1. Quick check, is A38 in contact with a strand residue (DSSP E or B) (Cβ under 8 Å, 6 or more places away or on another chain) and in a loop (DSSP other than H, G, I, E, B)?
2. Hey, could you check segment 1-31 for residues that are among the β-branched types (V, I, T) and either touching a Cys at 6+ places or on another chain (Cβ under 8 Å) or assigned to a helix (DSSP H, G or I) (or both) and say which is nearest to P61 (Cα to Cα)?
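Every number in this text was worked out from the coordinates using simple rules, so none of it is lab data. Predicted model only: the values in this text are computed from it and were never measured. Cβ placement follows ideal geometry from the backbone for every residue including glycine, while neighbour counts extend to all protein chains displayed.
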Amino acid sequence: MKSVLTVLALVLPLLGAAPPVPAQTYPSGPITLVIPLAPGDATDVAGRAMAEELAKLLKVPCSPSVSSARTASAPTSGTGS
């Protein structure tokens, strides 16, 4: 009887130590799929197809973003400016 009480005394405080929490929904917002290569390339076409399938699978808007405009307007690397 003493051993049962000892086990209960050790286990009962642990049951309340970490209360269960509900899982977060993921993703909570729209997804932007960044495609780092040129528009119209095979990677762009595959990325757009992948974005459509991800949107269907996750039931969240998923838009492909071709980053060529951003990279074209970036300063040249290594020039110090």
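1. yes
2. I31
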